[in-house]
Amino acid sequence: APEHHTGSLKEQIAKVFEVSLKVTVPDEPEVAPLIAVCSKKEAADYQCNNAMSLWSKIKGKGTEFRGPQPVGQAIMRNLPTSDMIESCSIAGPGFINVKLSTQWIAKRIQNMLTDGIDTWAPRLSVKRAIVDFSSPNIAKEMHVGHLRSTIIGDTIARMLEYSKVDVLRRNHVGDWGTQFGMLIEFLFEKFPDGEVTDQDIGELELFYKASKQRFDGDDEFKERARKAVVALQSGKEEKYQKAWAQICEISRRGFEKVYERLGVHLEEMGESFYNPYIPLALKELNDKGLIKDDEGAKVIKIIEGKKALPLVATEKDGRYSYASTDFAALWSRLPEEEVKWIILVILQSGTEEKYQKAWAQICEINRKGSKIVYQRQGVHLGESLNNTYIPLALEELDDKGLIEDDEDAKVIKIIEGNKVPPLIVTKTDGGYNYASTDLAALWYRLNEEKAEWIIYVTDVGQREHFKKIFAAAKSAGWLPADESKYPKTSHVGFGLVLGDDGKRFRTRSTEVVKLVDLLDEAKTRCKAALVERGKMAEWTAEELEQTAEAVGYGAVKYADLKNNRLTNYTFNFDQMLNDKGNTAVYLLYAHARICSIIRKSGKDIEQLKREGQMLLQTDDERKLGLHLLQFAEAVEEACTNLLPNVLCEYLYDLSEKFTSFYSECKVVGSAEETSRLLLCEATAVVMRKCFHLLGITPVYKI
Ligand code: ARG
């Protein structure tokens, strides 16, 4: 890590509060600071939320404090002097509002300009991660689902890499399995001399279809195909290996074209790679008694209703609880859907500020992506939800038998899914399948590659598959039962890509959209727009080409990434190439405009960085400055929740804050020119880092 690596703003504030907590409650050394962005933005920048939970911890232990507010006051009093904090105040029952020093904010931004944006990288507790993404299937066209996986997976890998995680980017291509029997036999039939070129079967999709037709229409061929699989998998007959390698190679070259355009780098370790490890992995599972016979197949029964930690709904003294930071009870009632339903359980009285505060916090979480809705008889009670619904919510949960007594408290035991069909790991014919391969791959990644976090990026349709793989691994003790511990696995599911007709995205000519064509079209359209704006005369041919490419590909990526990945999204060129609104085009142009402000000032920005001083005098400047400092938090949140849209939101927000600043504050030719140019430069630097993390190439001229 660079010398001045500071970590996120939250982390820095936490450090100061940690010192105070140690002094305030020396008997509770394990209490960690709870720092959050202040729910009332006008009141303060951040807040410390320790007082309440600390109070409930110590109140029975003969403490000198008389309630949560005095605890908060003491924490505040014991804060070490720091040039970071300008002022603190107590709100409600002990929340400590923190206002950061404007001077300090400016100083940190200036330091970043000198030391580089890498000093702002968040620190994550994981050392090595595997991102399993893209993963198309040999001899089949890479479809838009694979495009989503490629784009989302690449961004996740980039964000983790930026956060100093050692990332192994894995392309788990489908290069093994029974379909190869038919492909190989068909190849032998068509090219008996074994000489095949890209031209011959370049349209692999068609080759696949033709061989499938042959397979379905002829039993004798079917039998030969079956034998070919055995011959291939036994590894003894060279000609089968060779044919297989040829088919894979042609596919691979097709995939490479897409990766090259997208600027995505991946290491191929396909299904075939893990094949030799399957017996080993299955033996381990079998030794643990997990594998059972099921009508000739071998299966792993997925344990039903595994109980996780109970969530307190009503405290021992009958009050509704302060569960974690909020009062949320989690209830997964639609197991098919990725989106969990979270039922809010809020404290009884509407008058006390602490409850309002908690409510604000819940809203904050809601805003950041998790779906928090209490749905009852079809009524969405999102924002308007108020505490009169708590008894209702609890009653409904109780009616469903979800609320249990636990030492006088009422708790909700979280049940993870029920009635799951078993995971087939060996088919009736003795062959392995997708699941056995994934078990072997997981085994390999944990044992040989020592990965602490394994991330799988596929469409939500594979959610159940991964759930079962993970559950089996947990039963085998490969993964800890406690999901907050490492090593851990995550399935990053995403929704469908839809066409304007609201159906699965297709083009007229072919059934599946060719990704290369799609990217070409995005670029062509961008180029046309640039030509229309007279850039042909203004720029070199190369500049035109590069800009069209950066904007076109960037637009495709951003349109995908800006949505919460779980939702389906509609692929629409006109929308994604619009230069207004939340699009890559708009953002790239915003960045280029900032660069041109700096250029046109005629000032040497490097010199300003060395000699100038940033001041942040107006409200808009301060807001922009603070937002810049929150960059690491956005990346960290996007990483930990595996939600790239969080970073997109941050970026869009940044451009809006810049616009407010720029419309209120004169830059070039003003008395504050130096300071404001530095602020422009810092904004451009952070924007560029965002683009980089999203896999988008910035442009400097528009
Ligand atoms: N090849 C699969 C597909 O196209 C995706 C593989 C995902 N990764 C994995 N380890 N199963 O659907």
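The values are calculated or read from the model by the stated rules, or taken from the named source; none is laboratory data. All values derive from a computational prediction rather than experimental measurement. Here the Cβ is made from the backbone with ideal geometry for all residues, glycine too, and neighbour counts use every protein chain on show.
Listed here are the strands (runs of 3 or more DSSP E) enclosed by segment 7-92 that have at least 2 residues being farther than 27 Å from Val635 by Cα and without any contact (Cβ under 8 Å) to a residue 60 or more places away in the chain: 85-91.
All of (1) in a loop (DSSP other than H, G, I, E, B); (2) buried (at least 19 other Cβ atoms within 10 Å of the Cβ) hold for Tyr652 with one exception: (1). Considering each residue of segment 123-132 in turn, at least one proves to be in a strand (DSSP E or B), away from the ligand (no atom under 14 Å from the Cβ) and farther than 30 Å from Ala682 by Cβ.
Selection of segment 109-138 for residues being surrounded by fewer than 22 Cβ atoms within 10 Å (Cβ to Cβ) and within 21 Å of Glu268 (Cβ to Cβ) yields Arg128, Asn137. Every test in (1) among the β-branched types (Val, Ile, Thr); (2) in contact with a Gly (Cβ under 6 Å, 6 or more places away or on another chain); (3) crowded, with 19+ Cβ neighbours inside 10 Å is passed by Ile454 save one, and that test is (2).
A single entry from Tyr662, Tyr650 fulfils the requirement of being out of contact with any helix residue (DSSP H, G or I) (no Cβ under 7 Å at 6 or more places or on another chain) and aromatic (Phe, Trp, Tyr): Tyr662.
Which of the residues belonging to segment 429-453 are within 21 Å of the chain's Cα centre (by Cα) and closer than 28 Å to Phe180 by Cα? Leu442, Arg445, listed by residue number.
Selection of segment 429-468 for residues being more than 8 Å from the ligand (Cβ to nearest atom) and among the aliphatic types (A, V, I, L, M) yields Ala435, Leu439, Ala440, Leu442, Leu446, Ala451, Ile454, Ile455, Val460. Close contacts from segment 461-485, counting a first residue that is on the phi > 0 side of the Ramachandran plot and a second that is in a loop (DSSP other than H, G, I, E, B), with Cβ to Cβ under 8 Å and a gap of 6+ residues or different chains, come to Gly477/Lys288. When every residue of segment 35-48 is checked against the conditions, at least one turns out to be buried (at least 19 other Cβ atoms within 10 Å of the Cβ), small (Gly, Ala, Ser) and at pLDDT 95 or above. Looking at segment 133-165, which of the residues that are under 17 Å from the mean Cα position of the chain (by Cα) and not in a helix (DSSP H, G or I) is farthest from the ligand (Cβ to nearest atom)? The residue in question is Lys164. Would you pick out the residues in segment 95-122 that are among the charged types (D, E, K, R) and assigned to a helix (DSSP H, G or I)? Once the filter is applied, which keeps residues that are among the charged types (D, E, K, R) and assigned to a helix (DSSP H, G or I), segment 95-122 yields Lys107, Arg108, Asp115, Asp118. Residue count for segment 139-178 under the criterion of being surrounded by fewer than 22 Cβ atoms within 10 Å (Cβ to Cβ) and aromatic (Phe, Trp, Tyr): the result is 1. Taken over segment 166-183, the criterion of being assigned to a loop (DSSP other than H, G, I, E, B), small (Gly, Ala, Ser) and away from the ligand (no atom under 12 Å from the Cβ) is satisfied by no residue.
Among the residues in segment 256-263, are any touching a residue at least 60 places away in the same chain (Cβ under 8 Å), surrounded by fewer than 20 Cβ atoms within 10 Å (Cβ to Cβ) and not in a helix (DSSP H, G or I)? Within segment 256-263, one or more residues are touching a residue at least 60 places away in the same chain (Cβ under 8 Å), surrounded by fewer than 20 Cβ atoms within 10 Å (Cβ to Cβ) and not in a helix (DSSP H, G or I). Annotation note: of Glu452, Glu483, Glu511, the sole residue that is modelled with pLDDT of 95 or more and acidic (Asp, Glu) is Glu452.
Which residue is farthest from Phe494 (Cα to Cα), if the candidates are limited to segment 560-601 and must be among the polar types (S, T, N, Q) and assigned to a helix (DSSP H, G or I)? Across segment 560-601, the extreme among qualifying residues is Ser601. Looking only at segment 222-276, count how many residues are within 16 Å of the ligand (Cβ to nearest atom) and farther than 16 Å from Met142 by Cα. Residues in segment 222-276 being within 16 Å of the ligand (Cβ to nearest atom) and farther than 16 Å from Met142 by Cα: 7 in total.
Of all the residues in segment 545-582, those that are touching a Lys or Arg at 6+ places or on another chain (Cβ under 6 Å) and of a type in the set (Gly, Ala, Ser) number 2. With respect to Ile184, determine if the residue is buried (at least 24 other Cβ atoms within 10 Å of the Cβ) and touching a strand residue (DSSP E or B) at 6+ places or on another chain (Cβ under 7 Å). So Ile184 does not fit the description; no. The listed residues are Ala157, Ala91, Ala139, Ala121, and the only one of them that is within 23 Å of Gly254 (Cα to Cα), touching a Lys or Arg at 6+ places or on another chain (Cβ under 8 Å) and not assigned by TED's automatic domain parsing to the domain that holds Tyr434 turns out to be Ala157.
Answer yes or no as to whether Gly495 is closer than 21 Å to Val144 by Cβ, loosely packed, with under 12 Cβ neighbours inside 10 Å, touching a strand residue (DSSP E or B) at 6+ places or on another chain (Cβ under 9 Å) and touching a residue at least 12 places away in the same chain (Cβ under 8 Å). For Gly495, the condition - closer than 21 Å to Val144 by Cβ, loosely packed, with under 12 Cβ neighbours inside 10 Å, touching a strand residue (DSSP E or B) at 6+ places or on another chain (Cβ under 9 Å) and touching a residue at least 12 places away in the same chain (Cβ under 8 Å) - is not met.
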